[in-house]
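I have placed the structure first, in the form of structure tokens, so that the comments after it can refer back to it.
The values are calculated or read from the model by the stated rules, or taken from the named source; none is laboratory data. Model, not experiment: these values are computed from the prediction. Using ideal geometry, Cβ is built from the backbone for each residue, glycine included, and neighbour counts are taken over all protein chains shown.
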Amino acid sequence: MNDATLRQAAIEVLRGNDTGAFIKPAFDQYPHQWNWDAALVAIGLAAVDLPRAKQEVRTLISGQWRDGMIPHILYPSGASEYFPSPEFWGTAGLAHGPDFPTSGLTQPPVLATAIRTLYMRELEVDGASARAFLEETVPAVAAWHRWLLTSRDPTGSGLASIVHPWESGMDNSSRWAAALERIPLDRVPAFERRDLRHVGEDERPVESDYRHFMQLIAIYRDLGWDAAATVSRAPFVVQDVFFNAVLVRANHDLAYLVRELGQSAHEIDGWLERAGRAFQERLWSEDDGLFYDFDARAGAPIRENTSASLAVLYGGVADARQARRIVHEHLLNPDEYAVGAGARYGVPTTARNNPRHEPRRYWRGPVWINMNWFLARGLRDYGFGDLADAVVRDTLDLIRTAGFSEYFDGRDGTPLGAQRFSWSAALTLEALPEA
Ligand code: GLC
């Protein structure tokens with residue numbers, strides 16, 4: 001498939017998943033709007049259909065809670081067959097909540113970066129309209145980041161906490177295994193799982209993990225989704241290394257946009273300074289040459305070798321020596337992430353020698369297009385341009401062979417999960433040379 005055909009196929013996937021107001025991540029499996037999916041889709045559409053990309057951002061912002069949170073799932077068109085349903089979340093009628101049904105959790109904050117991408121595009125053709133878009137969207141994003149760095153960081157550590165694996169976006173990552181195992185399953189609500197209708201069981205989370213996901217939702221629902229109560233009483237509180245790397249990059253982009261509007265970015269500079277210090281003092285492991293999550297409930301780092309620790313490069317928080325260690329000791333290590341014998345495509349979501357690595361199961365080993373994209377951006381920023389090019393080339397090869405799947409078995413490229421997945425298509429558009 002040549003570039004033009006691939007581009008056309010990607011556009012068709014997005015068109016097929018488009019409801020007008022938002023683009024579904026996948027037609028049947030994910031029939032609502034998801035937070036970081038929307039941001040990635042907007043980035044991919046920037047060069048193809050700017051008005052449509054702006055619409056995606058507007059719909060996402062319309063789900064913002066009155067306390068500032070931008071939620072992880074939005075149900076602008078109401079319920080569907082999808083579980084959890086709006087009702088299960090129990091967010092309707094909250095004084096600090098949304099205007100229409102949403103989940104009660106958030107997701108990695110890619111939005112500011114998406115808005116900057118759209119702004120730079122529009123600036124080339126219509127400065128006034130580009131600026132109006134910033135005036136419309138930047139205050140909402142600033143309020144979300146402020147919520148993350150106050151409500152989700154009550155001690156001012158500089159790092160936002162997540163309270164549910166789903167907030168990481170890497171829902172079923174082995175990073176969460178030990179923290180979840182510690183939580184007794186004694187408050188699991190009644191529920192009926194629907195994710196297995198469309199995708200095979202060996203590609204989805206195991207039952208006990210799913211029960212943990214449901215129990216955490218039930219606990220926060222009982223706390224009325226009150227941010228302060230949730231952070232102080234949640235059994236799962238983690239300073240997620242990748243979520244915070246995304247937030248740092250987003251704060252650089254937000255500071256840039258705020259200055260474009262002629263306003264002071266002093267508050268954001270303070271967030272960046274604190275985060276930079278916290279990454280070095282709390283998340284870096286000199287022994288292992290990786291940044292790790294910090295489990296606030298256990299009071300200890302989570303020493304799991306996953307691609308989250310590679311994609312941290314995207315946040316620009318590593319110094320040059322740390323970046324070299326991440327690349328040479330891990331990304332290029334044939335036992336961990338390097339492609340070669342037995343692994344045709346990179347980059348696996350867990351290191352191959354991690355005992356929790358499972359090459360087909362959701363976030364436990366398969367290749368994800370967005371993680372490759374984050375990693376490639378990080379590599380380029382740190383001067384590893386050839387490696388970034390190789391990741392992008394390899395990712396496009398994979399898609400040409402296996403289609404726009406949700407994830408892939410890196411050993412041979414077998415497509416896994418949902419098909420015609422929106423961010424796989426959107427990031428293909430972003431990666432291809434412009435038509
Ligand atoms: C899955 C992924 C999550 C994504 C969502 C919609 O839950 O783990 O990252 O946002 O699907 O695509």
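Identification of helices (runs of 4 or more DSSP H) wholly contained in the stretch 177-286 with 1 or more residues that are under 30 Å from R377 (Cα atoms) yields 177-181, 241-260, 266-278.
Assessment of the stretch 11-22 against the conditions (over 21 Å from L416 (Cβ atoms), outside any loop (DSSP other than H, G, I, E, B), within 16 Å of the ligand (Cβ to nearest atom) and in contact with a strand residue (DSSP E or B) (Cβ under 9 Å, 6 or more places away or on another chain)) yields no matching residue.
As an exercise: evaluate D37 against (1) surrounded by 23 or more Cβ atoms within 10 Å (Cβ to Cβ); (2) charged (D, E, K, R); (3) not in a helix (DSSP H, G or I) and give the number of the one condition it does not meet. Among (1) surrounded by 23 or more Cβ atoms within 10 Å (Cβ to Cβ); (2) charged (D, E, K, R); (3) not in a helix (DSSP H, G or I), the lone unmet condition for D37 is (3). Could you check, for the stretch 362-374, whether at least one of its residues is over 28 Å from R7 (Cα atoms) and either away from the ligand (no atom under 16 Å from the Cβ) or at pLDDT 95 or above (or both)? The answer is yes, given that some residue of the stretch 362-374 is over 28 Å from R7 (Cα atoms) and either away from the ligand (no atom under 16 Å from the Cβ) or at pLDDT 95 or above (or both). Being part of a helix (DSSP H, G or I) and within 16 Å of the ligand (Cβ to nearest atom) is the filter here; which residues of the stretch 130-170 pass it? Listed by number, the residues that qualify are P165, W166, E167, S168. Counting only residues that are within 16 Å of the ligand (Cβ to nearest atom) and either touching a strand residue (DSSP E or B) at 6+ places or on another chain (Cβ under 7 Å) or closer than 27 Å to R274 by Cα (or both), the stretch 172-199 holds 4 of them. Taking Q55, is it of a type outside the set (V, I, T), at pLDDT below 95 and buried (at least 17 other Cβ atoms within 10 Å of the Cβ)? Against the criterion (of a type outside the set (V, I, T), at pLDDT below 95 and buried (at least 17 other Cβ atoms within 10 Å of the Cβ)), Q55 does not qualify.
Identify, please: which residue in the stretch 402-435 is among the hydrophobic types (A, V, I, L, M, F, W, C) and more than 16 Å from the ligand (Cβ to nearest atom) and is, among those, surrounded by the fewest Cβ atoms within 10 Å (Cβ to Cβ)? The residue in question is A435. Scanning the stretch 61-105 for residues that are within 16 Å of the ligand (Cβ to nearest atom), of a type in the set (A, V, I, L, M, F, W, C) and outside any loop (DSSP other than H, G, I, E, B) returns I73, L74, F88, W89.
State which residue is farthest from A426 (Cα to Cα) when the search covers only the stretch 374-392 and only residues that are in contact (Cβ under 8 Å) with a residue 60 or more places away in the chain and within 19 Å of the chain's Cα centre (by Cα). Result: L379.
For the stretch 338-360, the set of residues classified as under 23 Å from F384 (Cα atoms), within 20 Å of the chain's Cα centre (by Cα) and assigned to a loop (DSSP other than H, G, I, E, B) consists of G346, V347, T349, A351, listed by residue number. Scanning the stretch 90-115 for residues that are surrounded by 20 or more Cβ atoms within 10 Å (Cβ to Cβ), hydrophobic (A, V, I, L, M, F, W, C) and out of contact with any helix residue (DSSP H, G or I) (no Cβ under 7 Å at 6 or more places or on another chain) yields nothing. Among the conditions (1) more than 16 Å from the ligand (Cβ to nearest atom); (2) within 30 Å of A431 (Cα to Cα); (3) of a type in the set (F, W, Y), F27 misses just one, which is (1).
Here is the figure for the stretch 106-129: residues that are over 28 Å from D240 (Cα atoms) and in a helix (DSSP H, G or I) total 8. Residue pairs whose Cβ atoms lie under 8 Å apart, sitting 6 or more positions apart in sequence or on different chains, and linking a residue in the stretch 181-193 that is under 16 Å from A234 (Cβ atoms) to a partner that is small (G, A, S) and loosely packed, with under 13 Cβ neighbours inside 10 Å, are L185/S208. Looking across the stretch 193-226, just one residue is over 23 Å from A178 (Cα atoms) and surrounded by 21 or more Cβ atoms within 10 Å (Cβ to Cβ), and that is W225. The sole residue among F22, F27, F83, F100 that is touching a residue at least 40 places away in the same chain (Cβ under 8 Å) and under 26 Å from G224 (Cα atoms) is F83. All conditions in (1) under 21 Å from F243 (Cα atoms); (2) touching a helix residue (DSSP H, G or I) at 6+ places or on another chain (Cβ under 9 Å) hold for A300, with the sole exception of (2).
From (1) touching a strand residue (DSSP E or B) at 6+ places or on another chain (Cβ under 9 Å); (2) surrounded by fewer than 21 Cβ atoms within 10 Å (Cβ to Cβ); (3) touching a residue at least 40 places away in the same chain (Cβ under 8 Å), pick out the condition that doesn't hold for A351. Unmet for A351, out of (1) touching a strand residue (DSSP E or B) at 6+ places or on another chain (Cβ under 9 Å); (2) surrounded by fewer than 21 Cβ atoms within 10 Å (Cβ to Cβ); (3) touching a residue at least 40 places away in the same chain (Cβ under 8 Å): (2).
Condition check ((1) buried (at least 20 other Cβ atoms within 10 Å of the Cβ); (2) touching a Phe, Trp or Tyr at 6+ places or on another chain (Cβ under 9 Å); (3) within 22 Å of P108 (Cβ to Cβ)) across all residues:
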{"site": "R303", "(1), (2), (3)": "no, yes, yes"}
{"site": "A323", "(1), (2), (3)": "yes, yes, yes"}
{"site": "T395", "(1), (2), (3)": "yes, yes, yes"}
{"site": "L398", "(1), (2), (3)": "yes, yes, no"}
